[in-house]
Amino acid sequence: MRMPPTKALLLDAATREGEALSAMLAGLTREQLLWRGAYGWSAKDHVAHLAEWERMLFSWCDAGWRGESPAVPGEGYTWATLSDLNQRIFDKYRDDQLEHVMADWHDTSRRLIALTEATSEADLFTPGRFAWTDRGTLASFVYECGPNHYRWSAAEIKRGLKVRR
């Protein structure tokens, strides 16, 4: 799926993909949610990963609105070292309780929708509007941290369940 070109379509994608992932997760047993699947991640680990990326997005936005330019994707990391950043996220949340992780992601996914709704079309889609997006758009970050990430996680969780069978 391509990056949605309007705020309304971005909101629709975030809502639709979030609901699809939630429904898929709701159909899994507790045991299935905790199975280590593809590359050692469980569905719970994927959900924790999503929530952390959404929190990072919120912190980038907060800094950007204050006129600051935060370290993106994270302090000490570059886009070329995402695997290291993702490993840090995995390590940080691996021992968290399933119920906490699920509630956390439900909260951050709602906040992602609220952020998108509260942001003007111009702020979402103007390239380079915020220094931290470089020449990109806030909408592209919302899309990658939200609906596109949800779709990726759903596919990886399904793959992990197949590996387990």
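The values are calculated or read from the model by the stated rules, or taken from the named source; none is laboratory data. Source: prediction; values computed, not measured. Backbone-built Cβ (ideal geometry, glycine too); neighbour counts: all protein chains shown. These accessible areas exclude ligands, DNA and RNA; they are computed on the full protein's heavy atoms, side chains included. Shrake-Rupley method; radii C 1.70, N 1.55, O 1.52, S 1.80 Å.
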| Options 67, 18; residue that is more than 24 Å from residue 107 (Cβ to Cβ) and either over 18 Å from the mean Cα position of the chain (by Cα) or open to solvent by less than 60 Å² (accessible area, probe 1.4 Å) (or both) | 67
| Output for region 1-39, where each listed residue is part of a loop (DSSP other than H, G, I, E, B), of a type in the set (A, V, I, L, M, F, W, C) and over 29 Å from residue 126 (Cα atoms) | 28, 35
| query | Can you tell me how many residues in region 146-165 are outside any helix (DSSP H, G or I) and buried (at least 21 other Cβ atoms within 10 Å of the Cβ)? | reply | 1
| request: Check whether at least one residue in region 62-72 is within 18 Å of residue 133 (Cα to Cα), out of contact with any strand residue (DSSP E or B) (no Cβ under 9 Å at 6 or more places or on another chain) and of a type in the set (A, V, I, L, M), and report yes or no. | output: yes
| request: Read through the list (1) open to solvent by less than 10 Å² (accessible area, probe 1.4 Å); (2) in a helix (DSSP H, G or I); (3) more than 21 Å from residue 93 (Cα to Cα); (4) of a type outside the set (Val, Ile, Thr), then give the number of the only condition that residue 50 fails. | output: (3)
| request: Pull up region 120-132, narrow it to residues that are open to solvent by 80 Å² or more (accessible area, probe 1.4 Å) and not in a helix (DSSP H, G or I), then point me to the one that is modelled with the lowest pLDDT. | output: 129
| Only one residue in 76, 18 is at pLDDT 95 or above and under 14 Å from residue 145 (Cβ atoms), so which one is that? | 18
| Number of positions in region 107-138 that are touching a helix residue (DSSP H, G or I) at 6+ places or on another chain (Cβ under 6 Å) and under 22 Å from residue 86 (Cα atoms) | 5
| remark: Filtering region 66-116 down to residues that are free of Cβ contacts under 8 Å to residues at least 40 places away in the same chain, more than 28 Å from residue 32 (Cα to Cα) and part of a helix (DSSP H, G or I) yields 79, 80, 81, 114
| Taking only pairs six or more apart or across chains, which ones have beta-carbon atoms under 7 Å, a first residue in region 133-145 that is part of a helix (DSSP H, G or I), and a second residue that is among the β-branched types (Val, Ile, Thr)? | 138/119; 141/133; 142/116
